[in-house]
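Visitor: Have a look at the structure that comes next, please.
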Amino acid sequence: MKREFAVIGLGRFGGSICRELSKEGMEVLAIDSDEDKINEFKNIASHAVIADSTDEASLKELGIKNIDHVIVAIGDNIQASILTTVILHDLGIKRITVKAQNDYHEKILNKIGANHVVHPERDMGKRIAHSIISNNILDY
Ligand code: ATP
């Protein structure tokens, strides 16, 4: 079944999620406040729209309420990430995945309604460390 996703923030992380979901045939609404990013993704995502996700009215206008799963991939601007998450939670979005910048950010996101918090650099570091250990074990 085709599911609907929205990706907010099209940096390396959000951009990669948007590309993969689109490649797998999912409906993706790509949102970024930067026009250049939107131009880059307009032929990749189903819809690509310039909007500031901290503006509740803009998100409502985009019909975000009808989206199954929203991914918030705003990294550097922690305030914008938190505000966006609160708005999405208040709007009743059932699945919200958010990229955390650090442990404090992660704690706050968990408290304000994010269902799934990811910390890509840390999580990938752990995964690679375990993979290195298991490869070494196999090498002996
Ligand atoms: P990555 O490590 O994934 O590359 P990044 O450093 O590119 O992260 P940021 O620059 O913090 O991450 O933000 C990612 C994207 O989010 C940028 O393209 C930026 O324009 C967008 N963005 C930031 N704030 C908002 C906002 N309020 N509304 C919509 N998009 C936003």
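Visitor: Considering only residues of the range 62-99 that are among the basic types (Lys, Arg) and within 18 Å of Asp52 (Cβ to Cβ), which is surrounded by the fewest Cβ atoms within 10 Å (Cβ to Cβ)?
Guide: Filtering first and then ranking leaves Lys65.
Visitor: Among the residues of the range 17-28, write down those that are touching a helix residue (DSSP H, G or I) at 6+ places or on another chain (Cβ under 9 Å) and either within 16 Å of the ligand (Cβ to nearest atom) or of a type in the set (Phe, Trp, Tyr) (or both).
Guide: Listed by number, the residues that qualify are Cys18, Arg19, Val28.
Visitor: All but one of (1) more than 21 Å from Asp52 (Cα to Cα); (2) at pLDDT 95 or above hold for Leu109, so report the exception by its number.
Guide: Failed condition: (1).
Visitor: Does Ile17 satisfy being farther than 15 Å from Leu109 by Cβ and under 15 Å from the mean Cα position of the chain (by Cα)?
Guide: Considered against the rule, which asks whether it is farther than 15 Å from Leu109 by Cβ and under 15 Å from the mean Cα position of the chain (by Cα), Ile17 comes out as yes.
Visitor: Shifting gears a bit: Need pairs with beta-carbon distance below 9 Å; first residue within 16 Å of Ser16 (Cβ to Cβ) and within the range 31-43, second of a type in the set (Ser, Thr, Tyr) and within 6 Å of the ligand (Cβ to nearest atom); sequence gap 6+ or separate chains.
Guide: Ile31/Ser53; Asp32/Ser53
Visitor: To continue, here is another question. Within the range 86-102, does at least one residue satisfy the condition of being among the polar types (S, T, N, Q) and over 18 Å from Gly11 (Cβ atoms)?
Guide: No, the range 86-102 has no match at all.
Visitor: Okay, next question. Pull out all pairs, ordered by first then second residue, where Cβ-Cβ is under 7 Å, the residues are six or more apart or on different chains, the first lies in the range 55-70 and is farther than 22 Å from Lys99 by Cβ and at pLDDT 95 or above, and the second is among the aliphatic types (A, V, I, L, M) and part of a helix (DSSP H, G or I).
Guide: No pair meets every condition.
Visitor: Same structure, new question: Just for the range 29-54: of the residues that are among the polar types (S, T, N, Q) and either more than 9 Å from the ligand (Cβ to nearest atom) or modelled with pLDDT under 95 (or both), which one is nearest to Phe5 (Cα to Cα)?
Guide: Top of the filtered list is Ser46.
Visitor: Name the one entry in Ile112, Ile96, Ile78 that is within 17 Å of Val7 (Cβ to Cβ) and not polar (S, T, N, Q).
Guide: The conditions single out Ile96.
The values are calculated or read from the model by the stated rules, or taken from the named source; none is laboratory data. Computed from a predicted structure; not experimentally measured. Cβ atoms come from the backbone with ideal geometry, glycine included; neighbour counts cover every protein chain shown.
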